[in-house]
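No lab work stands behind these numbers, since they all come straight from the coordinates. Quick caveat: nothing in here was measured; it's all calculated off a predicted structure. Every residue, glycine among them, receives a Cβ derived from its backbone with ideal geometry; neighbour counts consider all protein chains shown.
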Ligand SMILES: Cc1cc2nc3c(=O)[nH]c(=O)nc-3n(C[C@H](O)[C@H](O)[C@H](O)COP(=O)(O)OP(=O)(O)OC[C@H]3O[C@@H](n4cnc5c(N)ncnc54)[C@H](O)[C@@H]3O)c2cc1C
């Protein structure tokens, strides 16, 4: 078995590392103080990323992107995740958030929605969660009723990332009255400024994310703005979420690696009772546990990425990666704070910010409990075999 990273991907990782050091790290303090980086700053970063060939690096070549596969994307994201300044998808520097339009566009929709997102001229958001049903989509209340040549949409979505900056949202709504989880749900492309659609509450969270509520009151959307097949919206959401969950892996790995590096440096340098912390078994065990868990998360993530790149099903692996890597990040950052003592809690270091961000990750894009439910259901039903390593 060959675990060597191909030369081309190693070079991509190196150039991403340089970009992070030279362009993103100098902004980290400003971002930590105010997570709304001004558009002018972000646009300038985006222009540099475009000039260096990073823009759309993960988008398929047939759509004009760089065609970097899932493993390569993981390597890039690990590097980006070392810095607090978010640079991928929402808000973006390297590659836009695309969402379900990647999977189900008609040629007309591609011209009007997908192409402008890929060129960076339009932004979009993914609107699935409701106050009534976050984990449980069968409780979705937003409805889209077909009337001649349009759908009439009513409902509310909450916690929608990037809704304030989105030129259109990819909205999930019920098109049939059914209690099957996700059954009868369709996806619509709804433009900003459509009468009846407005922003509601802005959520202030302990993490740096600032998602929004979106309200839909008697919104009329032409039939041509339905994405894919009516009633198949859950499939579009699932394909989007599988990739979203897989990339929780590298985001956790890069962040945890930096936290562990800080902890190791501090343990070697800080002396108590006449000797460096690094000589104490209690500290050594924290470092050892973090290093082992980091390595396990990395192997799990690369294997899931490999499956995705082979065109193999990676639904259960994506859930395993999200569950394990996000929990690993919480533990590693927590230990790094412990090793730093009071300094770990201080805003002089990025650790307290990392801790707050890490906490939100075990809830977003399907909580840890939901990942456990998916994993258990795949194995208990026999849909996934217990050992899929290197096999379909
Ligand atoms: C920062 C942030 C950004 C977000 N961005 C978006 C976005 O862009 N678009 C979008 O659509 N959504 C977004 N969300 C919503 C997110 O996906 C939901 O918060 C998440 O799916 C959990 O749903 P909920 O908050 O309604 O919790 P609930 O579904 O109410 O769950 C509450 C708790 O109960 C647990 N639970 C639920 N059911 C079970 C069960 N059967 N067994 C055991 N435990 C259970 C859950 O794991 C959770 O811990 C975002 C959320 C956050 C915090």
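Estimated at 0.36 nm per residue, the fully extended path between residue 220 and residue 111 surpasses their Cα-Cα distance by 37.1 nm. With 0.36 nm allotted per residue and the present C-alpha distance subtracted, the residue 372-residue 238 stretch has 46.7 nm of extension available. How far is helix 233-246 tilted off the main Cα axis of the chain, in degrees rounded to 10, range 0 to 90? Helix 233-246 sits at roughly 10 degrees to that axis. I'd like the orientation of helix 7-19 relative to the chain: the angle between its Cα long axis and the longest Cα principal axis, in ° from 0 to 90, rounded to 10. The angle comes out near 80 degrees. Result for the chain in a Gaussian network model with C-alpha springs under 10 Å: among 304, 318, 44, the largest mean-square fluctuation is at 44. Relative contact order of the chain: 14 percent, from C-alpha pairs under 8 Å at least 6 residues apart in sequence. Assuming R0 = 30 Å, what is the FRET efficiency of residue 18 and residue 167, from their Cβ-Cβ distance, to the nearest 0.05? With a Förster radius of 30 Å, E is 0.40. Classify the range 87-244 from the C-alpha gyration tensor, please: rounded if a/c falls under 1.5, else prolate or oblate depending on whether a/b exceeds b/c. It is rounded, given that a/c, with a ≥ b ≥ c, falls under 1.5. In the chain, the longest principal axis of the Cα atoms and the axis of helix 351-361 are about 40 degrees apart.
Approximating the spin labels as points 7 Å out from Cα along Cα→Cβ, the residue 280-to-residue 202 distance works out to 4.3 nm. The per residue volume of the convex hull around the alpha-carbon atoms of the range 245-344 is 76 Å³. P(r) tail, the range 7-88: Cα-Cα pairs separated by more than 21 Å, 28% of all pairs. A straight chain from residue 299 to residue 379 at 0.36 nm per residue would run longer than the Cα-Cα distance by 26.7 nm.
Size of the chain from its Cα atoms: along the principal axes, largest to smallest, the extents are 80, 51, 41 Å. Calculated [222 nm] ellipticity per residue, helices only, for the chain: -14000 deg cm²/dmol; basis is -39500 (n - 2.57) per DSSP H run with n ≥ 4, divided by all residues, nearest 500. Each Cα pair under 8 Å and six or more residues apart adds its separation to the average, and for the range 7-88 the resulting relative contact order is 39 percent.
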